[in-house]
Amino acid sequence: MVISEKGYSLRLAAAILAVGVALGGCGTANVHVREKLLTDGPLPKTVAILPFTTEKDVLEKEKKPHEILREVFYAYFSYLGYSDLPLEEVDRRLIAAGVPVERNDPQKNKLGNEELAKILGVEAVIRGHILKANNFTGGLHSETLIKARLEMTELKTGIVAWKVDHEEMDYSGIATPSFIDIVQQQVENAKVQHAYYKTAEAFALQVVQQIPDPAASREKEVRLPRIVDLRTNLRPGRVFHAGEVLRVAFIGPEGYIATFDIGNWKSGVSMQEIAPGRYSGSYEVVEGDRIADALIIANLKDPNGLSGKKYFKAALVHIDATSTQAAALPVLK
């Protein structure tokens, strides 16, 4: 078989990029938790996420990735068992206290822990700082990167409960099945804000899964509905296409309201109580749906409005309904 010079160059470029990915993957977030955090006292119950900041060169070149990461991180963090202050309320209280939240300089935003406790009325705050961010599209390769430092500080003691430096990169055009897919992915990546939201979601998902969750210790205090035996028809590497059905089922107290979320993409998908305490729901993929690396979160709400939540961590949701090819659907038993 004869390979043209152009064909050889394209294959060589793809091989080089594939090696680069293998050597430079981002991996799981490594959250450093204070030693004996879970045994030497209760976790903070009330938390506020302060406005994130970013390096000056990032702010000048990019589309405010610090604001996007803060928004997306809050959406995932809110599923943990903390009583978190809505971002709008955090900003309102800071502005009312004369704190210029729109300024990017971390030093100008740096308030004392005692002052923050008085202004926000919480036990802990989360600070975030973007160290690096960029969005690039060219040739057969496109990527979006976010590197940031996050940490939670207990305001009464000044102790950092946990901290993480994490880098998340979203690649496209690598090991893709066709040139059309590459073009489509590059078109999406060129939408900078959309690309940053996608990368920020992957970043938040990695970090939140490693953060200590006080939900278990607060069950007696607030009597949160408990979800057990959460199951789905997901499996690692599975891609759902148009017409296929994503199924979710779990067991909990009977007579409650059950829903599930597909990351931030679809919220409040209804579930039915098919037998006392047994809940089941599904989402049928429609043409045009597309999402990657989304987490399934089951929700169960009691008559008083208190909600219990549970992640499905065995696999993430991948949906691509831009192709009409469909695979056989495993039956959820």
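The values are calculated or read from the model by the stated rules, or taken from the named source; none is laboratory data. All values reported here derive from a predicted model rather than from experimental measurement. Here the Cβ is made from the backbone with ideal geometry for all residues, glycine too, and neighbour counts use every protein chain on show.
Give the range 236-252 a look and list any residue that's within 15 Å of residue 317 (Cβ to Cβ) and not in a loop (DSSP other than H, G, I, E, B), or say none. Selection gives 240, 245, 246, 247, 248.
Note on the range 278-292: among residues that are exposed (fewer than 15 other Cβ atoms within 10 Å of the Cβ) and either farther than 27 Å from residue 203 by Cα or not small (Gly, Ala, Ser) (or both), the one that is nearest to the chain's Cα centre (by Cα) is 290.
The set of residues from the range 23-81 being closer than 21 Å to residue 205 by Cβ, modelled with pLDDT under 80 and in a helix (DSSP H, G or I) comprises just one member, 24. Of the residues making up the range 136-173, those that are at pLDDT below 75 and surrounded by 15 or more Cβ atoms within 10 Å (Cβ to Cβ) are 137, 140, 141, 142, 171, 172, 173. Restricting the range 240-268 to residues that are touching a residue at least 24 places away in the same chain (Cβ under 8 Å) and among the acidic types (Asp, Glu), the residue that is farthest from residue 322 (Cα to Cα) is 261. For residue 89, the conditions (1) closer than 28 Å to residue 147 by Cβ; (2) outside any loop (DSSP other than H, G, I, E, B); (3) at pLDDT 70 or above are fulfilled apart from (1).
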